[in-house]
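Worksheet for the structure shown next.
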Amino acid sequence: MQPGTMNLLEDSTVPVISVFIASPEGGNGRNVVANGVVAALATKYKTQVYRPSADQGETFTATLLHTAGSSISVQQATATTTAAVRADQTMARGDVARGYHTFCDATQPEACVLVGHDASPIGDPEASLMDARFAADTQSIVFLAVCTLHRTSVELRATVKANLSMFERCGVTLAGVFVTGCKPSKSAESEDALDDLGVPVWTMPPIGCTTEQEAADSLPTFRDNAPTGEILDACEKKRHLPVTPFFFQNDLIARARVSHKTIVVPESLEPRMLRAADYLLERDVVDILFVGDRDEVLKAGDDLGLEHLPMAKFNAIDDERVLEPMVSELVTLRAKKGMTPDKAREVLKDPTYFGTMLVQLNLADGLVSGSINSTASTVRPALQVIKTKPGTSMVSGAFLMCLPTHVAVFADCAITPNPTAEQLADIAIQSAGTASAFGIDPRVGMLSYSTLGSGKGPDVDLVEEATRIAHEKAPDLKLVGPIQFDAAWSPTVAAAKAPGNEVAGHVNVFVFPNLSAGNIGYKAVQRSSGAVAIGPVLQGLRKPVNDLSRGATVPDIINTIALTAVIAQDD
């Protein structure tokens, strides 16, 4: 299991038994397996069929829907086309992940069978890899169907092993293997060739399964060779599942939609903010409260061709109905700093400060800013008005790093340049809390150039002291430090550098010793690995206020607004 892999099966907004039928070839052998698994699950669960991609004009999806007893259309059950996957794999993964969440929300299945690519005369070397990625993006277990009509037992084993290696790289769990096109004379040797996989192996004789009649006729043979109870046992087994960037982002949107919080957007004329708001409003994820004149904001949206901004809320910055209580509150909060009504009115001309006061007055649940303003412009009003949580002395900034198969937390990457040992300990505890809020069981690594005393110097002493303080403040926290990044990340390296330490090699909350290291570290991982960095999450505030990079893309802003709404659910 990768460091930090989450099992969101029980907590996810899509709590479905999700089974992916993968095959190197597609075609009849795959069809028999897909049809049989659908029938097996339908004996116990409300079952649906989902096709991540399918060839235009194929008819087998309709056959599967008939077996499942589903009344939905083939179009509803299909995310995209095979040609579209070949044209743009990244776009296709987004379409499939989003489509699966939407599909499950609409059809409310208890189990869902996803079926991989169709047999095709076009030789696409990445078709099976994309199936593995689609399985990971939908948190599906995989049944692999491999035809042995034209394979020896040695070739069968090599084929299965090659596919298993690919699944492991994608974080996908193999739940069973079907050997299709398997004549009785080859059944025993096929099973022997795969007897060390640690998963069930079923052999299936050659049998046609393209029409509804053939599908119905194939079921007795399927059940004789793969009993329904065995199929259900393999599907129901609890497993750790991968969390890919595509899954996490769509799960984040789904979680935000549940409580439908109101998020303030002070940068109300910025095109990226408007596009992100339009996307979220169209999907009814959050309520957006723009700071600004309604007509002016809508005109800016019209110029961009956006259609859903009228669904937002608006608060003009000179609205006396809101300004008057704001001024009173701000004078009360900042009286010791010499705040007067006149000064308060001047301060509240700043849209970010105005938006922060909307959160303070409980007229909104959170705020997102920073696409055109500095971090200081976002953080300063929050510190002065919203302030820190009780028992918290500081604010820090963490990023949720969506890596290929799991999510990790990096901190502090945004706020504190040179934290003291006390502050570093607080950052560790805050970051562990952020991890827990998003379903990650936190295992914290206090990063250094030294692993458990291997190096010496003032910088190491700082991290050693921070680790000691964090242990004292949070004795139940799984924590290791000082530790080098490789020993925190890799179980193999940890075995050599930190033998016997249960946290080393499995860290999912990485606490950097200073802002330079943290900011460089998260950007290096983001840009070199393709990881999606969501944040920074401003940790320690009473209410969620989150900052954006001025280089934020529209998807970055969508993610940050959704994340802010999810954090607000706990307030």
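The values are calculated or read from the model by the stated rules, or taken from the named source; none is laboratory data. The structure displayed is predicted, hence computed values, not measured ones. FYI the Cβ positions are ideal-geometry reconstructions off the backbone, even for glycines, and counts take in every protein chain you see.
Is the stretch 429-440 home to any residue that is in contact with a helix residue (DSSP H, G or I) (Cβ under 8 Å, 6 or more places away or on another chain) and either without any contact (Cβ under 8 Å) to a residue 60 or more places away in the chain or in the same structural domain as Arg169 (by TED's automatic domain parsing) (or both)?
Looking through the stretch 429-440, at least one residue is in contact with a helix residue (DSSP H, G or I) (Cβ under 8 Å, 6 or more places away or on another chain) and either without any contact (Cβ under 8 Å) to a residue 60 or more places away in the chain or in the same structural domain as Arg169 (by TED's automatic domain parsing) (or both).
Please enumerate the residues belonging to the stretch 377-415 that are within 22 Å of Leu274 (Cα to Cα) and among the hydrophobic types (A, V, I, L, M, F, W, C). Walk me through how you get there before you give the answer.
Initial filter on the stretch 377-415 (within 22 Å of Leu274 (Cα to Cα)): 377-379.
Once the filter is applied, which keeps residues that are within 22 Å of Leu274 (Cα to Cα) and among the hydrophobic types (A, V, I, L, M, F, W, C), the stretch 377-415 yields only Val379.
Residues being surrounded by fewer than 20 Cβ atoms within 10 Å (Cβ to Cβ) and in a loop (DSSP other than H, G, I, E, B): count how many of those fall in the stretch 504-530.
Total meeting the criteria: 2.
Within the stretch 31-60, can you find the residues that are surrounded by fewer than 21 Cβ atoms within 10 Å (Cβ to Cβ) and at pLDDT 95 or above?
If the condition is that a residue be surrounded by fewer than 21 Cβ atoms within 10 Å (Cβ to Cβ) and at pLDDT 95 or above, then Ala42, Thr43, Lys44, Tyr45, Lys46 are the ones that fit.
So which of Ile567, Ile483 ends up being buried (at least 20 other Cβ atoms within 10 Å of the Cβ) and closer than 30 Å to Asp278 by Cβ? Let's see the steps before the verdict.
Values: Ile483 fails: closer than 30 Å to Asp278 by Cβ.
Within the list Ile567, Ile483, the selection yields Ile567.
Among the candidates Ser393, Ser377, Ser371, which residue alone is in a loop (DSSP other than H, G, I, E, B), more than 21 Å from Gln430 (Cα to Cα) and in contact (Cβ under 8 Å) with a residue 24 or more places away in the chain?
On the way: Ser393 fails: more than 21 Å from Gln430 (Cα to Cα); Ser377 fails: in a loop (DSSP other than H, G, I, E, B).
The conditions single out Ser371.
From the set of residues in the stretch 308-342 that are assigned to a helix (DSSP H, G or I) and small (Gly, Ala, Ser), which is nearest to the chain's Cα centre (by Cα)?
Among those residues, the one meeting the criterion is Ser328.
Restricting attention to the stretch 330-347, and to residues there that are surrounded by 11 or more Cβ atoms within 10 Å (Cβ to Cβ) and of a type in the set (Val, Ile, Thr), which single residue is nearest to Asp319 (Cα to Cα)?
Here the residue is Val347.
Going by what's in this entry, would Ile72 be described as surrounded by fewer than 24 Cβ atoms within 10 Å (Cβ to Cβ) and in contact with a Lys or Arg (Cβ under 9 Å, 6 or more places away or on another chain)?
no
Given Val480, Val503, Val509, which one is assigned by TED's automatic domain parsing to the domain that holds Thr420, more than 26 Å from Ser549 (Cα to Cα), touching a residue at least 60 places away in the same chain (Cβ under 8 Å) and not acidic (Asp, Glu)?
So the residue among Val480, Val503, Val509 that is assigned by TED's automatic domain parsing to the domain that holds Thr420, more than 26 Å from Ser549 (Cα to Cα), touching a residue at least 60 places away in the same chain (Cβ under 8 Å) and not acidic (Asp, Glu) is Val503.
Could you please find all residues in the stretch 227-283 being modelled with pLDDT of 95 or more, outside any helix (DSSP H, G or I) and not assigned by TED's automatic domain parsing to the domain that holds Pro351?
Pro227
Spot the failing condition for Gly305; the list is (1) assigned to a helix (DSSP H, G or I); (2) loosely packed, with under 15 Cβ neighbours inside 10 Å; (3) among the small types (Gly, Ala, Ser), and only one is missed.
If we test Gly305 against (1) assigned to a helix (DSSP H, G or I); (2) loosely packed, with under 15 Cβ neighbours inside 10 Å; (3) among the small types (Gly, Ala, Ser), just (1) comes out false.
Is it true that some residue in the stretch 89-112 is among the β-branched types (Val, Ile, Thr), closer than 26 Å to Leu164 by Cα and more than 22 Å from the chain's Cα centre (by Cα)?
No, the conditions are met nowhere in the stretch 89-112.
If the requirement is being under 20 Å from Thr378 (Cβ atoms) and touching a helix residue (DSSP H, G or I) at 6+ places or on another chain (Cβ under 8 Å), which of these qualifies: Val331, Val291, Val285?
It is Val291.
Residue check: is Gly500 surrounded by 24 or more Cβ atoms within 10 Å (Cβ to Cβ) and either over 27 Å from the mean Cα position of the chain (by Cα) or modelled with pLDDT under 95 (or both)?
Details: surrounded by 24 or more Cβ atoms within 10 Å (Cβ to Cβ): no; either over 27 Å from the mean Cα position of the chain (by Cα) or modelled with pLDDT under 95 (or both): yes.
No; evaluated as a whole, the condition is false for this residue.
Looking at the stretch 242-259, is at least one residue over 18 Å from Gly69 (Cβ atoms), in contact with a helix residue (DSSP H, G or I) (Cβ under 9 Å, 6 or more places away or on another chain), small (Gly, Ala, Ser) and surrounded by fewer than 16 Cβ atoms within 10 Å (Cβ to Cβ)?
Within the stretch 242-259, one or more residues are over 18 Å from Gly69 (Cβ atoms), in contact with a helix residue (DSSP H, G or I) (Cβ under 9 Å, 6 or more places away or on another chain), small (Gly, Ala, Ser) and surrounded by fewer than 16 Cβ atoms within 10 Å (Cβ to Cβ).
Considering only residues of the stretch 104-128 that are within 22 Å of Val142 (Cβ to Cβ) and of a type in the set (Val, Ile, Thr), which is surrounded by the fewest Cβ atoms within 10 Å (Cβ to Cβ)?
Here the residue is Thr107.
Out of Thr203, Thr173, I need the residue that is over 29 Å from the mean Cα position of the chain (by Cα) and either buried (at least 16 other Cβ atoms within 10 Å of the Cβ) or touching a residue at least 40 places away in the same chain (Cβ under 8 Å) (or both). Which one?
Thr203
For residues in the stretch 419-460 being surrounded by fewer than 22 Cβ atoms within 10 Å (Cβ to Cβ), of a type in the set (D, E, K, R) and under 19 Å from Phe485 (Cβ atoms), which is farthest from the chain's Cα centre (by Cα)?
Among those residues, the one meeting the criterion is Lys456.
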